[in-house]
1. Grab the alpha carbons of the chain, take their convex hull, and tell me the volume per residue in Å³.
2. What is the antiparallel percent of DSSP beta bridges lying wholly in the chain, to the nearest 5?
3. What ranking do 25-33, 54-62 get when scored by the average of other Cβ atoms within 10 Å per residue, highest first?
4. For an R0 of 22 angstrom, estimate the FRET efficiency from the Cβ-Cβ distance between ARG97 and LYS9 and round to the nearest 0.05.
5. Once Lys and Arg get +1 and Asp and Glu get -1 on their Cβ, which of GLY115, MET147, LEU207 lies farthest toward the positive end of the dipole of the chain?
6. So, with +1 on the Cβ of K and R and -1 on the Cβ of D and E, and no other charges, what is the size of the charge dipole of region 9-179 about its Cα centre, to the nearest 20 debye?
7. Check cross-link reach from LYS174 to the lysines: straight Cα distance under 20 Å, and skip same-chain residues fewer than eight apart.
8. Test of understanding: ordering LYS174, LYS153, LYS9, LYS158 by Cβ neighbours within 10 Å, fewest first, what list do you get?
Amino acid sequence: MGLPPRRSKTELAQRVAQDIFDGAVVNLGIGMPTLVANYIPAGREVVLHSENGILGMGPAPAAGEEDYDLINAGKQPVTLLPGGAFFHHADSFGMMRGGHLDICVLGAFQVSATGDLANWSTGEPGAIPAVGGAMDLAIGARQTWVMMDLLTKTGQSKVVSACSYPLTGAGCVKRIYTDLATLDCTPQGLRWVDAVPGLDRDTLAQLIGLPVQT
């Protein structure tokens, strides 16, 4: 099946950023979600949280200006906006578990049509489990968004009817942002939000192998 051009990682980060509302407190997960910090729309006040104990992160530093005493949970150098703060890891997890985050953006191995999330282990022999704070974030944030490629390297959909990998959280994902389309997870299944130019709803449903509602 021929597919239209996919969103680049930059375009995907921009797509996620445009949906973050003014005044939101947001955690950006390790990996691709960290790119979202670079594309928060100008004039929109968004407070970025990192689970290792930072509030008020800015975009990535310019080359040569990195300070490796100032890193996010993925050990990437970050910047701090005026008014930003550092605090103990335990306080950070208290924020995550206490419902103080409006949105978390996480990567995923699989997401079910009804919002189950699998993003910490594929169960492969010898793989190192890396759950980190994902379970706390997925359940503690008011909204959990996922940012990922729609298809695996072998062309299998990462959006599935039921996750075959160990779950991070059940029914926690509200929205899935992928390189081909944006979908909402509902108790009734997947709902169309948007897609790249040239990809219609029927073709998307064929790719995923599941119905996609309007």
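1. Convex hull volume per residue, Cα atoms: 138 Å³.
2. Looking only at bridges with both residues in the chain, the antiparallel portion is about 50 percent.
3. Packing order, densest peptide first, comes out as 25-33, 54-62.
4. Efficiency computed from Cβ-Cβ geometry: 0.15.
5. My answer, from the dipole projection, is LEU207.
6. 480
7. Within the straight-line cut-off, LYS174 pairs with LYS158.
8. Taking fewest neighbouring Cβ atoms as first place, the list is LYS153, LYS9, LYS174, LYS158.
None of the figures in this text is laboratory data; all of them are computed from the coordinates on show. Quick caveat, the model's predicted, so the values are computed rather than measured. With ideal geometry, Cβ positions are generated from the backbone for all residues, glycine too; neighbour counts draw on all protein chains shown.
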